[in-house]
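Working notes for the structure below.
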Amino acid sequence: MRSYFPFLLSFFLLMACSSPEQEQEKQAINAEIEAVENGLGDPVLFEGESLWTIAERMAHYGVPGMSIAVIKDHKVHWSKTYGIMDRDTKEPVNEFTLFQAGSISKPVAAMAMLKQVENGVLRLDQNVNDYLTSWQMPDNEFTAIEKVTLGRIVSHTGGITVHGFPGYSIVDKVPSIVQVLDAAGPTNTGVIRVDTQPGTIFRYSGGGYCVMQLLLEDVLGKPFPEITKSTVLQPLGMSHSTYEQPLPADWQSKAATGYLPDGSKVEGKWHIYPEMAAAGLWTTATDLAQVFIELQNGIKGTETKVLSPDMAAQMLTPYFEDFVGLGIFLENNDGDWYFSHGGWDEGFSSEAIAHKTDGYGVVVLTNSNHPPFISEVIRSVAATYDWENRQAPVYKRETLSEEEVAAISGHYLYDKDQTVNIYEEDGRLFLKYLKGKLPQELVKIGENKYIRSSRTNIIRFLPHPENGALNLVFLEKETDAPTFKFPRMAGDEKVPFQYVVEKNFPAALAAYQELKKNYPGESFAQESELNTLGYNLMSDDRIELAIDVFRINVALYPTSSNVYDSLGEAYLKNGNKRLAGQNYQKSLQLDGTNKTALKVLKELGMMAKS
């Protein structure tokens, strides 16, 4: 024992000497954490109004668990977890709890692809069909002009279909990636093809990342999870991350359970994503932070572990327009460049954002579909650490006179089927979109200047320079020239959806028929637009309005299987099994491969009529 005494004495003396500095640093970080935890608010703040806490907002939204990693000086400054992994077991989230990253899988997958570009194995501007061997992207009139390339895939400019993926429950048969591409076998998404000339427009496409996933497997002769592990995850020390789908059994005890917006649990706890490059990454906040730190280090020119500084800079350089790089989104706030990506899988949502050059950022992962909560957390981090050009503006509420209310109240024409209503209630001014569910308070902040807590743009009411008619105007900044002008409507003016709201179905149908006839190239009366509107109304629990919109869509597009499928779904949700069955039968007549219709009709005990 005596032989160890000098060593032990030296150790404790060393600890005693260093502990005051360590304790001071610990206290400083704890104060920062407390500021983040108590600083949640809207995009616009008003003087004298209180902020929310993380605990309050998790309860408000129904977020079971969260993991956060704050980046400062090009490293993880601190990380912390909140809440529970699962509402049944009550097991708390910890630093090793796995979350599905959703679409933040894409920049990590893009990094793996760019490593092969750097190695000379791939080229960003080469036709992907030159690399694919197990499958080919079918050529058509669009690819005859321009080709799909890896650069266009990761910048969402390849003209490729399918936005995102719902995944598959544990009871579903999971398709291969080739089946996903061809919408064959047990797939639940559409065929992945080119339907727009590549390189001409930005259109978000998870489908393109499926092409890239298969391409990497074909070229390297390895499964995608193995490729990403060896090229990105292992070099960055991301030992608690994997693209394995389904999640390996020995990892499952560490995985959080996903919860839907209504609070219900995802069937089987989480979904399986064969579309790994697009949505399949399981990770932790501290692991995922390493990807963003790696890119920051590349820009800084310091030692990197995956991509060279030049390739990291290329990844964060605008590729098509200023807001999109190679697998990542870019944000230019008056010269301060940020890069970010959000994610949404069934029961999980996430976001990561970092400053391009100044070495700070944050990663937030949750096991619920509530991205507004994540935005509130990120704003609190930005305020606590004084992020450049990322602060919520603070205004003073000004008194609103009766004369001002009278002068600006009314309906304003937003587009051919949308209006904005400005009105007063209980001494407060409100703005409400006709198709929106909830009104938004409009706060006066200056002479003819108004703002909402949910948006940073300024609203003014200005006379038209030619006819003097009052226009509602949105300004991104107070000094901007008006760009969006919406004229006040006459008292008897109506857009087609107004008749839907008024439950006047014949008038609504006639108005939409006229809209389709007069504006054939516009989106207002297109099948997809009306279908989206119907589903938005359903998600807002405005089921009767949704049914009428779907009925209109059926009348406008009577040969479409999809519109009958949607109407059947709405009737089913409303408890009308007879009409639901009739519409699913019609959908099946028009498309005999409609698996949803077959499943529902079987459950209803109804035979499809020939």
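The values are calculated or read from the model by the stated rules, or taken from the named source; none is laboratory data. Note that the structure is a prediction, hence the values are computed from the model and not measured. FYI the Cβ positions are ideal-geometry reconstructions off the backbone, even for glycines, and counts take in every protein chain you see. Just the protein is used for accessible areas: all its heavy atoms, side chains included, with ligands, DNA and RNA removed. Shrake-Rupley method; radii C 1.70, N 1.55, O 1.52, S 1.80 Å.
Among the residues of region 108-132, those that are open to solvent by less than 60 Å² (accessible area, probe 1.4 Å), in a helix (DSSP H, G or I) and not polar (S, T, N, Q) comprise V108, A109, A110, M111, A112, M113, L114, K115, V117, V128. Here is the figure for region 157-181: residues that are more than 14 Å from D125 (Cα to Cα) and either of a type in the set (A, V, I, L, M, F, W, C) or surrounded by 20 or more Cβ atoms within 10 Å (Cβ to Cβ) (or both) total 14. Does L400 satisfy the criteria of being among the hydrophobic types (A, V, I, L, M, F, W, C), part of a loop (DSSP other than H, G, I, E, B) and touching a residue at least 24 places away in the same chain (Cβ under 8 Å)? For L400, the condition - among the hydrophobic types (A, V, I, L, M, F, W, C), part of a loop (DSSP other than H, G, I, E, B) and touching a residue at least 24 places away in the same chain (Cβ under 8 Å) - is met.
L601: open to solvent by less than 20 Å² (accessible area, probe 1.4 Å) and closer than 25 Å to K173 by Cα, yes or no? So L601 fits the description; yes. Residue under question is I445, and the condition is that it be farther than 22 Å from E49 by Cβ, of a type in the set (A, V, I, L, M, F, W, C), open to solvent by less than 60 Å² (accessible area, probe 1.4 Å) and modelled with pLDDT of 95 or more; does it hold? For I445, the condition - farther than 22 Å from E49 by Cβ, of a type in the set (A, V, I, L, M, F, W, C), open to solvent by less than 60 Å² (accessible area, probe 1.4 Å) and modelled with pLDDT of 95 or more - is not met.
Residue by residue, here is whether (1) among the aromatic types (F, W, Y); (2) closer than 30 Å to G167 by Cα; (3) touching a Pro at 6+ places or on another chain (Cβ under 9 Å); (4) surrounded by fewer than 20 Cβ atoms within 10 Å (Cβ to Cβ) holds:
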site	(1), (2), (3), (4)
A312	no, no, no, no
T317	no, no, no, yes
L330	no, yes, yes, yes
D334	no, no, no, yes
S350	no, yes, yes, no
Y360	yes, no, no, no
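Of all residues in region 119-132, exactly one satisfies the criterion of being in contact (Cβ under 8 Å) with a residue 60 or more places away in the chain, touching a Ser or Thr at 6+ places or on another chain (Cβ under 9 Å) and within 18 Å of G221 (Cα to Cα), namely V128. Kindly indicate whether V405 is more than 24 Å from I68 (Cα to Cα), open to solvent by less than 40 Å² (accessible area, probe 1.4 Å) and either in a loop (DSSP other than H, G, I, E, B) or free of Cβ contacts under 8 Å to residues at least 60 places away in the same chain (or both). So V405 passes the test. Listed conditions (1) farther than 28 Å from V363 by Cα; (2) free of Cβ contacts under 8 Å to residues at least 40 places away in the same chain; (3) open to solvent by less than 60 Å² (accessible area, probe 1.4 Å); (4) in contact with a strand residue (DSSP E or B) (Cβ under 8 Å, 6 or more places away or on another chain) are all met by T143, apart from (2).
Go through region 562-596 and give me each residue that's among the hydroxyl-bearing types (S, T, Y), open to solvent by 20 Å² or more (accessible area, probe 1.4 Å) and assigned to a helix (DSSP H, G or I).
Looking only at region 562-596, we keep the residues that are among the hydroxyl-bearing types (S, T, Y), and these are 564, 566, 571, 584, 587, 593, 596.
From the residues that got through so far, the ones that are open to solvent by 20 Å² or more (accessible area, probe 1.4 Å) too are 564, 571, 593, 596.
Once the filter is applied, which keeps residues that are among the hydroxyl-bearing types (S, T, Y), open to solvent by 20 Å² or more (accessible area, probe 1.4 Å) and assigned to a helix (DSSP H, G or I), region 562-596 yields Y564, Y571, T596.
Only one of the numbered conditions (1) touching a helix residue (DSSP H, G or I) at 6+ places or on another chain (Cβ under 7 Å); (2) buried (at least 17 other Cβ atoms within 10 Å of the Cβ) is not met by R152, and that is (1).
Over 27 Å from K416 (Cα atoms) and of a type outside the set (A, V, I, L, M, F, W, C): does that describe T593? Before the answer, list the steps.
On the way: over 27 Å from K416 (Cα atoms): yes; of a type outside the set (A, V, I, L, M, F, W, C): yes.
Against the criterion (over 27 Å from K416 (Cα atoms) and of a type outside the set (A, V, I, L, M, F, W, C)), T593 qualifies.
Remark: pairs (first residue in region 422-437, touching a residue at least 40 places away in the same chain (Cβ under 8 Å); second residue of a type in the set (S, T, Y) and open to solvent by 30 Å² or more (accessible area, probe 1.4 Å); Cβ separation under 6 Å; 6+ apart in sequence or on different chains) = I422/S409.
Where strands (runs of 3 or more DSSP E) sit wholly within region 447-528, those with at least 3 residues that are among the β-branched types (V, I, T) occupy 455-463.
Taking F339, is it in a strand (DSSP E or B), under 30 Å from A35 (Cα atoms) and either open to solvent by 30 Å² or more (accessible area, probe 1.4 Å) or in contact with a Leu (Cβ under 9 Å, 6 or more places away or on another chain) (or both)? Yes, satisfied. Every condition in (1) out of contact with any strand residue (DSSP E or B) (no Cβ under 8 Å at 6 or more places or on another chain); (2) free of Cβ contacts under 8 Å to residues at least 24 places away in the same chain; (3) open to solvent by less than 50 Å² (accessible area, probe 1.4 Å) is met by W135 except one, and the failing one is (2).
Please tell me if K599 is at pLDDT below 95 and outside any helix (DSSP H, G or I). No; evaluated as a whole, the condition is false for this residue.
Answer with yes or no whether G208 is within 29 Å of P318 (Cα to Cα), assigned to a loop (DSSP other than H, G, I, E, B) and either of a type in the set (G, A, S) or open to solvent by 30 Å² or more (accessible area, probe 1.4 Å) (or both). No: the conditions fail for G208. Give the residues of region 240-271 that are within 16 Å of S368 (Cα to Cα) and surrounded by fewer than 20 Cβ atoms within 10 Å (Cβ to Cβ), sorted by residue number. Listed by number, the residues that qualify are A255, L260, P261, D262, G263, S264, K265, E267, G268. Cβ separations smaller than 9 Å between residues 6+ apart or across chains give no pair from region 454-467 residues that are loosely packed, with under 12 Cβ neighbours inside 10 Å to residues that are among the β-branched types (V, I, T) and modelled with pLDDT under 90.
Number of residues in region 49-107 that are open to solvent by less than 50 Å² (accessible area, probe 1.4 Å), within 29 Å of A392 (Cβ to Cβ), of a type in the set (A, V, I, L, M) and in contact with a helix residue (DSSP H, G or I) (Cβ under 9 Å, 6 or more places away or on another chain) equals 11.
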